[in-house]
Amino acid sequence: MCFVGKDEKLIANEDIICYKVLKKKWFKYYAPVWTDHRYKRNKLYYAKFGIKLFKPGKIRIDEGLHSYKNMEDAKTSWGCFEKHIKKFIIPKGAEYYCNDKEYVSNQIIMK
């Protein structure tokens, strides 16, 4: 997943509900793209941002904790079934970037 948006880092004033598309293998949930990163419920995960200049005022972020703002955007972006989409939160105090459909944060928790 690749994020393109404004070069404007935000701080979460409250928990932000978001959604990730995951694959399930042997009763465990994994991020399907690039890393096969495994997620456990209610555990806080951290990541650093990998930011590149896209064009003036816009950035591209390949590294970070990518998520979608709502279930519909998650469904249409991957053409997946709802059972592959899990609810997450970006916790209060986390740094994040957003565009019209996505978030990229430095912290996330699977609910």
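In sequence order, what are the phi-derived ³J(HN,Hα) couplings for region 7-14 according to the Karplus relation 6.51 cos²θ - 1.76 cosθ + 1.60 with θ = phi - 60°, rounded to whole Hz, with x for glycine and proline?
7, 9, 7, 10, 10, 5, 7, 7
Hey, fewest Cβ within 10 Å first, where do GLU63, GLU72 land in order?
Least crowded to most crowded, the residues run GLU72, GLU63.
List the residues whose amide H sits under 5 Å from the amide H of GLU102, counting only those 5 or more places along or on another chain, with H placed 1.01 Å from N in the peptide plane.
LYS69
Which aspartates and glutamates, if any, have their Cα less than 13 Å from the Cα of LYS92, not counting same-chain residues under 8 positions apart?
The qualifying aspartates and glutamates are GLU14, ASP15.
May I ask for the net charge around ASN99, where only other residues with Cβ less than 12 Å from the Cβ of ASN99 are counted and Lys, Arg are +1 while Asp, Glu are -1?
Residues near ASN99 contribute 0 overall.
Every number in this text was worked out from the coordinates using simple rules, so none of it is lab data. As the structure is a prediction and not an experimental result, all values here were calculated from the model. FYI the Cβ positions are ideal-geometry reconstructions off the backbone, even for glycines, and counts take in every protein chain you see.
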